[in-house]
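The values are calculated or read from the model by the stated rules, or taken from the named source; none is laboratory data. Every value quoted in this text rests on a predicted model; they were computed, and no experiment measured them. Note that each Cβ is placed from the backbone with ideal geometry, even for glycine, and that neighbours are counted across all protein chains shown. Please note that ligands, DNA and RNA were not included when accessible areas were found on the heavy atoms of the full protein model with its side chains. Shrake-Rupley method; radii C 1.70, N 1.55, O 1.52, S 1.80 Å.
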Amino acid sequence: MIHKKIQELLLEDRDKLFIDAEKVAILQEDHTLEHAMLVLTNVRYSLIPVLNKENKIVGLISLAMILHKITGVEQIHMNQLGKYKVREVMRTEFPIIHQDTQVEDVLNELVDESFICIGNEEDEFVGIVTRKELLKRINFMVHELTREYDFVEKENSK
């Protein structure tokens, strides 16, 4: 369990830690792979959230997923990009956190994910938390911690 004070320090300046939905590149599940490829190429992210018409988080998609779908044994079939929809290739198993998710759970999820989508009570997309931003917060915290706190080493209990 993360100490309360450490959790408070990590969550200080929440606005820097959580990236609001309007600042995140997304795709709709009914977009074509051609559109998805254009978006992914232009935003230069390796993975982005996929939403449905109700703004609910339904998947994640990457260039690798798109290329896997249109790659044959001997060639890449670029002419197939307009034939498929994002929903046909997106990853549907992924973590979603909510505003009340414990920091420890977020840390555990970010070990395997570069970002985690944040949903409201109805799983509507409200933003993301990235591993990069959390690591920046941790880096700041470990360098600044001794300015506010003194550490006392516990005696070894044997």
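Between region 23-69 and region 98-147, how far is it from one alpha carbon centroid to the other, in angstrom?
21
Heavy atoms only, probe 1.4 Å: what % of the accessible area of the chain goes to carbon and sulfur, would you let me know?
Carbon-and-sulfur percentage of accessible area, whole number: 49.
If we count every other residue with Cβ under 12 angstrom of residue 115's Cβ, Lys/Arg +1 and Asp/Glu -1, where does the sum land?
-2
Could you report the accessible area of residue 20 in Å², rounded to 10, computed with a 1.4 Å probe on the protein chains as they sit in the structure?
Spelled out: residue 20, probe radius 1.4 Å, area about 80 Å².
In a Gaussian network model over the chain where Cα atoms closer than 10 Å are linked, find which of 102, 75, 28 has the largest mean-square fluctuation.
In the Gaussian network model the winner is 75.
Compute the helix-to-body angle for 131-148: its Cα long axis versus the longest principal axis of the chain, expressed 0 to 90° and rounded to tens.
10
Of 142, 80, 90, which is farthest along the charge dipole of region 75-154 in the positive direction, counting Lys and Arg as +1 and Asp and Glu as -1 at C-beta?
80
With +1 on each Lys and Arg Cβ and -1 on each Asp and Glu Cβ, and nothing else charged, work out how big the dipole of region 50-158 is about its Cα centre, in Debye to the nearest 20.
So the magnitude is around 680 debye.
Identify which of 78, 90, 65 has the largest mean-square fluctuation in a Gaussian network model of the chain, with springs joining Cα atoms closer than 10 Å.
It is 78.
Test of understanding: in a Gaussian network model of the chain with alpha carbons linked when under 10 Å, which of 88, 121, 74 would top the mean-square fluctuation ranking?
With Cα springs under 10 Å in the chain, the top fluctuation among 88, 121, 74 is at 74.
Can you give the Rg and Dmax of the chain based on its C-alpha atoms, in angstrom?
So, for the chain, Rg and Dmax equal 19.7, 69 Å respectively.
Which whole-number value in Å² is the accessible area per residue of region 79-158, probe 1.4 Å? Mind dumping the intermediate values first?
Values: 5750 Å² over 80 residues.
Dividing the accessible area of region 79-158 by its residue count gives 72 Å².
Where a ≥ b ≥ c are the square roots of the eigenvalues of the C-alpha gyration tensor, would you call region 5-49 rounded, which needs a/c under 1.5, or, failing that, prolate if a/b is larger than b/c, or oblate?
Because a/c hits 1.5 or more and a/b exceeds b/c, region 5-49 counts as prolate.
How compact is region 1-92 by the rule of thumb for globular proteins, expressed as Cα Rg over 2.2 N^0.38 Å?
For region 1-92, the normalised Cα radius of gyration is 1.40.
Hey, any idea what the orientation-averaged projected area of the convex hull of region 39-108's Cα atoms comes to, in nm²?
On the way: hull surface 26.5 nm².
Computing the convex hull of the Cα atoms and averaging its projections yields 6.6 nm².
Can you tally the lysine pairs in the chain where the Cα-Cα distance is under 26 Å and the two residues are eight or more apart, or on different chains?
Lysine pairs, 8 or more places apart or on different chains, close enough: 25.
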